[in-house]
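Structure first, then comments.
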Amino acid sequence: MKYDYLIVGSGIFGAVCAFELRKLGKKVLVIEKRNHIGGNAYTRDDKGIQIHQYGAHIFHTNDKKIWDYVNELVQFNRFTNSPLAMYKGKLFNLPFNMNTFHQLWGVTTPAAAQAKIIEQRSEMEGKEPQNLEEQAISLVGRDMYETLIKGYTEKQWGRSAKELPAFIIKRLPVRFTYDNNYFTDNYQGIPIGGYTKLFEKLLNGIEVRLNCDYLANKHEFDSMADKVIYTGPIDAYFNYEFGPLEYRSLTFKHEVLQQENFQGNAVINYTECDIPYTRIIEHKHFDPVDTPHTVVTKEYPHDWKVGDEPYYPVNDDRNMALFKKYRELTKKESGVIFGGRLAEYKYYDMHQVVRSALNLINGEC
Ligand code: FAD
Ligand code: UDP
């Protein structure tokens, strides 16, 4: 065996594992299907602007250890995510806060906003929310649901909000202060100069082979290492034995514009169902630079089929039952560890992936 560990995938999970294993003196090989490192957090340089190639990535966490860990590797800026939502030509602040309530109803005090929400959610009185629509109405009332949630959610997930699980919307904060910070975490930012710098640090001194699909040459790769850490899709590993797990996919349309500033904000969501994209991001506002041009990306959600990029796991009951069947099979794969958002079929944020990789290696060796 030439290597102690073969790591399949150079996203956050694979890269943190590689970094930690190298510190422990292990010999590691990382293979990556794509032509670059970094998984979905990868950024590329466009004449000084750092492009989030696979959608906006904002690092946020409440875990001081994780924040210190990534800050020891690269410097982060003080970016605070404060997206706007566009509905029929009118802009609203997100997440739901006093600015949004003022824009929608003209109220100016928390008491007036609370009274409005109580009135608006009365249709749900005494009922336990059974789906996303009911959850949203009990949280912020019908007006807010119709304006800012329904269209966006149905585009994003490709099905009626009545058929979606309530937990998806529980991620969004509702507050009675004039605070447009999307996240409630203590720490938030973006690596200055892009995420790829973070991956270069994590993978420094480690052999990385790009354009290598593990599943296309599994036996050969397996023979090269004692243990395998697999961060690809769990159903693909087992050749879709029980059928494919469902994902939502996305198409990113990047445009270079010969103007300094297109929309004045990093993220603007489009919440009408008639507009086919869910958001436009303008990359230079994540990590500000002075350039005569700008790059924007429209994000179009769509159904997923085998061969498309899997972005969001659809963690409904049917898919979770299928995932459990695959997870049972992993127990028979001696010497293979399954981790990260695709192998665990989990809606993971980056800080959770770092934590999970650190837990694995600390417990593993
Ligand atoms: P990935 O990044 O997917 O890495 C897996 C890697 O394995 C990929 O590079 C893939 O090419 C490779 N691979 C797969 N199969 C094979 C194979 N057979 N052979 C070789 N290589 C293989 N998180 C946040 O914290 N903040 C955000 O703002 C945020 N925004 C997001 C926006 C979007 C649109 C999406 C989709 C996700 C967002 N996330 C965000 C989540 C974040 O992207 C993930 O938590 C993180 O990238 C997961 O890392 P990973 O290593 O588990 O997986
Ligand atoms: N959401 C919405 N309107 C918005 C933004 C989000 O209805 O303008 C809903 C939507 O259902 C989405 C969920 O909130 O799937 C979670 O949003 P978040 O921004 O956390 O999702 P992500 O960045 O992971 O796509």
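The values are calculated or read from the model by the stated rules, or taken from the named source; none is laboratory data. Remember, it's a predicted structure, so these values are computed and weren't measured experimentally. With ideal geometry, Cβ positions are generated from the backbone for all residues, glycine too; neighbour counts draw on all protein chains shown. Ligands, DNA and RNA are excluded from the accessible area calculation, which covers all protein heavy atoms including side chains. Shrake-Rupley method; radii C 1.70, N 1.55, O 1.52, S 1.80 Å.
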Problem set entry | C-alpha center-to-center spacing [the stretch 190-218, the stretch 286-365] in angstrom | 16
For this session: Please name whichever of Phe79, Tyr182, Val296 sits farthest to the positive end of the charge dipole of the chain, dipole taken about the Cα centre and charges placed at Cβ: Lys and Arg +1, Asp and Glu -1.
Result: Phe79
For this session: Compute the signed sum of charges (Lys and Arg +1, Asp and Glu -1) over the other residues within less than 13 Å, Cβ to Cβ, of Phe252.
Result: 0
For this session: Give me the percent of the accessible area of the stretch 142-240 that comes from carbon and sulfur atoms, probe 1.4 Å, all protein chains in place.
Result: 47
Seminar exercise, completed: A student applying the Cα gyration tensor rule (rounded when a/c is under 1.5; otherwise prolate if a/b is larger than b/c, oblate if not) would label the stretch 243-290 prolate
For this session: With a Förster radius of 25 Å, plug the Cβ-Cβ distance of Arg44 and Glu72 into 1/(1 + (r/R0)^6) and report the FRET value to the nearest 0.05.
Result: 0.55
Exercise. What do you get for Rg/Rh of the chain when both radii come from the Cα atoms and Rh is the Kirkwood radius?
Worked result: 0.99
Exercise. Taking the Cα-to-Cβ direction at Ser249 and at Glu163 and moving 7 Å from each Cα, how far apart do the two end points lie in nm?
Worked result: 1.9
Exercise. Taking the stretch 115-186 on its own, what percent of its Cα-Cα pair distances exceed 13 Å?
Worked result: 66
Exercise. Computed from the mean reciprocal separation of all distinct C-alpha pairs, what Kirkwood hydrodynamic radius does the stretch 176-234 have, in Å?
Worked result: 15.9
Exercise. Shape call for the stretch 1-47 from the C-alpha gyration tensor, a ≥ b ≥ c root eigenvalues: rounded (a/c under 1.5), prolate (a/b greater than b/c) or oblate?
Worked result: prolate
Exercise. Counting only DSSP beta bridges with both residues in the stretch 1-160, what percent are antiparallel, rounded to the nearest 5?
Worked result: 65
For this session: For every helix of n ≥ 4 consecutive DSSP H residues, a contribution of -39,500 (n - 2.57) applies; sum these over the chain, divide by its total residues, and give [θ] at 222 nm rounded to the nearest 500 deg cm²/dmol.
Result: -8500 deg cm²/dmol
Exercise. How much accessible surface area, in Å² rounded to 10, belongs to the heavy atoms of Lys33 with a 1.4 Å probe?
Worked result: 130
Exercise. Rounded to the nearest 20 Debye, what is the dipole magnitude of the stretch 148-265 about its Cα centre when Lys and Arg each give +1 and Asp and Glu each give -1 at the C-beta?
Worked result: 560
For this session: Report the local net charge at Gly189: Lys and Arg +1, Asp and Glu -1, summed over other residues whose C-beta lies under 11 Å from its C-beta.
Result: -1
For this session: Let me know the Rg and Dmax you get for the stretch 201-273 when you use only its Cα atoms, in Å.
Result: 20.1, 53
Exercise. When all protein chains stay in place, what accessible area (Å², nearest 10, 1.4 Å probe) is found for Arg209?
Worked result: 70
For this session: Please figure out what share of the DSSP beta bridges in the stretch 254-333 is antiparallel and state it in percent, rounded to the nearest 5.
Result: 90
For this session: Please work out the average accessible area per residue across the stretch 233-365, using the 1.4 Å probe convention, and give it in Å².
Result: 47
Problem set entry | Net +/- balance of residues flanking Val289 in space, Cβ distance below 11 Å, scoring K and R +1, D and E -1 | -3
Exercise. Ratio of the stretch 247-336's C-alpha Rg to 2.2 N^0.38 Å, to two decimals?
Worked result: 1.56
Seminar exercise, completed: Taking protein heavy atoms only, a 1.4 Å probe, and rounding to whole percent, the accessible area of the stretch 57-123 owed to carbon and sulfur comes out at 52
Exercise. Which value, in Å³ per residue, describes the convex hull spanned by the Cα atoms of the stretch 153-207?
Worked result: 197
For this session: Express the C-alpha Rg of the stretch 48-192 as a ratio against the empirical globular expectation 2.2 N^0.38 Å, rounded to two decimals.
Result: 1.19
Exercise. Taking square-rooted eigenvalues a ≥ b ≥ c of the alpha carbon gyration tensor, is the stretch 302-365 rounded, prolate or oblate, where a/c under 1.5 means rounded and, failing that, a/b exceeding b/c means prolate?
Worked result: oblate
Exercise. Asp185 to Asp303: extension gain in nm, 0.36 nm per residue of separation minus the Cα-Cα distance?
Worked result: 39.3 nm
For this session: Compute the relative contact order of the chain as a whole-number percentage, counting only Cα pairs closer than 8 Å that sit 6 or more residues apart in sequence.
Result: 26
For this session: On the full set of protein chains, 1.4 Å probe, figure out the accessible area of Thr108 and give it in Å² to the nearest 10.
Result: 90
Seminar exercise, completed: In the chain the DSSP beta bridges are antiparallel at a rate, in percent to nearest 5, of 60
